[in-house]
Each structure stands twice: as structure tokens, then as C-alpha cells.
1. How long, wide and thick is region 114-185, going by the Cα atoms along their three principal axes, in whole angstroms, largest first?
2. Order of 129-139, 196-206 by packing, highest average Cβ count within 10 Å first?
3. Can you give the convex hull volume per residue for the Cα atoms of region 35-79, as a whole number of Å³?
4. Percent of Cα-Cα pairs per 5 Å bin, from 0 to the last occupied bin, for region 75-162, please list those.
5. Please report the equivalent ellipsoid semi-axes of the chain, computed as sqrt(5 x eigenvalue) of the Cα gyration tensor, largest first, in whole Å.
6. Output the Cα-based Rg and Dmax of region 88-138 in Å, rounding Rg to one decimal and Dmax to a whole number.
7. Could you please tell me the mean projected area of the C-alpha convex hull for region 140-246, averaged over all directions and given in square nanometres to one decimal?
8. When all protein chains stay in place, what accessible area (Å², nearest 10, 1.4 Å probe) is found for Cys41?
Amino acid sequence: MTESFQPPSSAETAWQILPQGDRCLVIQLGDAISEATGQRCLGLAQALRDAAWPGVTDVVPSFTKVAVHYRPLPDGSGPTYDALRARIEARLAAGIDVAEQGGREVDIPVCYGGEHGPDLDDVARAAGITPEAVIGLHTQPGAMVYMLGFAPGHAYIGVHDERLGIGRRDTPRSVVPTGSVAVANRQSVIYPNRLPGGWNIIGATPLTLFDATREPAALLQPGDRIRFVPIDQAEFDRLRAAQEAR
């Protein structure tokens, strides 16, 4: 991610719309990660989904942008970039309602350190605090799911205390275990399955983040409020067994 964390500014009331090939356009609502911009992205994405314009196939929010995928048709009956852009600009000019974009409150149990969090001590050293203090910062309330990306159900969660603004690992891992909770750049991710990754692993959750047979398949959704809850190994094993028995 190239965006930086900055306080909201008056610039966040502006927007820019750009084409992304012949089947997608992107609305940029800011140039820095902040909760205000994130909420505007979620509000606009929901408004565009509710509009249900013919030919629009998907609406995807991210940290500072919203992608609108559409299907132009050979006979010209489908949406065009210019027509869709005009519709979106009219919707933006009418204002974006973010009042109902708070999302659910979701508790994520995490077993920190040890075999589940091999990078916890390194994160503590980089931050100049103890491992217990890292856990304390990570479990503070207020974290939000900004977007899903990289893999199905892979949530980007933030914004954490600035002391968790450490970079990614110099050497990424070729395999990160399912359920690993990792931090970098004042954000958290939870690996929904075995994936490569370069974030700093500080713990793991026994919850199933993605299940194609479940509705919705992804446990977490953009706009959800996350509370990381410390658990011990016994509770981790109990919850994991309960998940596997379903």
C-alpha cells in the first residue's frame, strides 16, 4: 500500500474519476488512509449498489477509492464510461451518507506469541516496548475493516496506534499458517488460509475467516468494527475444535 496515514482534511470532500480499461472506472476520494475517507468509500459503495444501475456488475471499496465494474455491450445498450461517470458525479454532488456505515461489532479471539506469533518479540523491539504492551495496543478498540483484498476473505484492519507503524518483514514467508494475525504500517491482516506473506505475525485466531459454503463466505466485511480479544492456548484449541466440528 502506497498511501500514507494523515488526518482528514478538506481535500477529502473532493473526488476524481478515472477509467481502468474498458470495463471499470475508479473514484478516488482521498490520497491518504483515514477513517473519514474509508467511511466515505463505504458510503459511496453502498449508495452505488443500492442504485442497481443496469450493466454495473460489481462495486468494490478500498482505502481511498471505489472501483465500479461494468459490462459494455456491442449494441451500445450497456453503460459507457462517460454516461456512468456522469451518473456517479451527480450522486457524489448529492452527498454521501456515511451515518449507517458503522458495520457490525466483531470479536476476534487471538492467541498471541509463542508458536502462533513468532514475530511478536521483534515487533516489540522495533516499537521500543514490551510484548505485553504490543498486545495492549493491538487490542485497543476502534479498529475497522477498510477493505478485503489479496485473497478471498483477507481483511485489512486499522488504524492502530502509531507505535505499530513498523514496516513489513525484510524477507517474506513463502507460507503463512491459516488464521495468522499480522501487523505492519499500523494495520492488521488475518490470513484466511495458507498464503505467502511479509507481515509481522504476532498471533493467530481459531476462527474460520473464509468458507465458500457459508453465506456470506467471508467472516469480515468492510465497515466492521473489530475487537481483538487475547486468549490462551487451551481456549484456542477449544474454539478451533468447535470450528472444525461445524
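1. 33, 29, 20
2. In descending order of packing, they fall as 196-206, 129-139.
3. Roughly 51 Å³ of hull volume per residue.
4. Spelled out bin by bin, region 75-162 gives 2, 10, 13, 14, 15, 12, 8, 6, 5, 7, 4, 2, 0 percent.
5. Working: eigenvalues 248, 83, 49 Å².
Each semi-axis is √(5λ); the values are 35, 20, 16 Å.
6. For region 88-138, the Cα-based Rg and Dmax read 19.5, 53 Å.
7. 6.9
8. Its heavy atoms expose roughly 0 Å² to the probe.
The values are calculated or read from the model by the stated rules, or taken from the named source; none is laboratory data. Everything numeric here is computed off the predicted structure, so don't read it as measured data. Note: ideal-geometry Cβ built from the backbone for every residue, glycine included; neighbour counts use all protein chains shown. Surface areas here come from the heavy atoms of the whole protein model, side chains and all, with no ligands, DNA or RNA. Shrake-Rupley method; radii C 1.70, N 1.55, O 1.52, S 1.80 Å.
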